[in-house]
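Structure record follows, encoded as structure tokens.
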Amino acid sequence: MPAMRLDKLLSEATVFTRSKLKQMIKSGRVTVNGAVITSPEHKLEPENARVCVDGAPVEYSRFHYFMLNKPAGLLSATDDRKQKTVIDLFPPELRPRLFPVGRLDKDTIGLLLVTDDGDFAHRVISPRSEIVKTYRAVTAEPVNDGDISAFSRGIVLADGTKCLPAGLEKCPDGSCLVHVMEGKYHQVKRMLASRGKPVIELKRLQIGGLKLDETLAEGEFRQLIEDELCSVIKK
């Protein structure tokens, strides 16, 4: 890997803005291989350098993986001329590279992965990977055993679209959990609506083995650690 500027490396490895990072470097908060570096233009080879900010090591990676607690009102898209997207929540330096993994409807909240790794995104989205996505839905009427059985066989939507068999669970509070392995347009809402159970609220809780970090407020995000990343695709 070719040498790169210290401020560029940190901007790709952290969520700080480039201007903030320059301030941090110039104030002596960054070390490279144990030596304080105060020049943002300092060149280094990422694979051979130990970079620390305030004494904490910074792990540089070619790709970025974020968990976002998506709020309502934002599009799951990279950009839109008229409406704000989930990418607008991220620092400007990261936005050109990032994209959401799949999508949540504008009014759906909860777990959304955001990355710049296309291969990873494709693997998560593809039904062939059999990665289960779990949602909690509040419906106009509670689901029943007949709905659970219909989901297990595979729902056929009004336009003839056949959905793969899915899981449906009743919750004590009257809501339900939906487990699907695909992401057709408005799929969870359409599946429940086909059973006469229109959705009032919908939140994604889990992708594969990765659960939404409930300490994240809506609109907040954080980077995934390696174990969490592996849990997404591990069967």
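The values are calculated or read from the model by the stated rules, or taken from the named source; none is laboratory data. Nothing here was measured: the structure is a model prediction, and the numbers come from that model. Neighbour counts run over all protein chains shown; Cβ positions are idealised from the backbone, glycine included. Protein only, heavy atoms only, side chains kept; ligands, DNA and RNA dropped before computing areas. Shrake-Rupley method; radii C 1.70, N 1.55, O 1.52, S 1.80 Å.
Quick notes on this structure:
- In the set (1) in contact with a Cys (Cβ under 9 Å, 6 or more places away or on another chain); (2) at pLDDT 95 or above; (3) open to solvent by less than 30 Å² (accessible area, probe 1.4 Å), the condition left unmet by E182 is number (2).
- Identity of the residue in the range 199-217, loosely packed, with under 14 Cβ neighbours inside 10 Å and not aliphatic (A, V, I, L, M), that ends up nearest to G160 (Cα to Cα): E201
- Members of the range 154-169 found to be within 18 Å of V132 (Cβ to Cβ) and out of contact with any Lys or Arg (no Cβ under 8 Å at 6 or more places or on another chain), listed by number: L164, A166, G167, L168, E169
- Any pair with Cβ under 7 angstrom, 6 or more apart, that starts in the range 145-160 at a residue that is at positive phi and ends at one that is open to solvent by 70 Å² or more (accessible area, probe 1.4 Å) and assigned to a helix (DSSP H, G or I): none
- Elements of type strands (runs of 3 or more DSSP E) contained in the range 1-117, each with 1 or more residues being closer than 25 Å to H186 by Cα and out of contact with any Lys or Arg (no Cβ under 6 Å at 6 or more places or on another chain): 65-70, 109-115
- The residues in the range 3-19 that are open to solvent by 20 Å² or more (accessible area, probe 1.4 Å) and at pLDDT 90 or above can be counted, and the count is 1.
- With respect to the stated conditions, F151 is hydrophobic (A, V, I, L, M, F, W, C) and touching a Cys at 6+ places or on another chain (Cβ under 9 Å).
- Residue check, P71 in contact (Cβ under 8 Å) with a residue 60 or more places away in the chain and closer than 30 Å to K197 by Cα: yes
- A single entry from D88, D54 fulfils the requirement of being free of Cβ contacts under 8 Å to residues at least 60 places away in the same chain, more than 17 Å from G118 (Cβ to Cβ), open to solvent by 10 Å² or more (accessible area, probe 1.4 Å) and under 15 Å from the mean Cα position of the chain (by Cα): D88.
- Residue within the range 128-138 that is farther than 29 Å from V114 by Cα and touching a Cys at 6+ places or on another chain (Cβ under 9 Å) present: no
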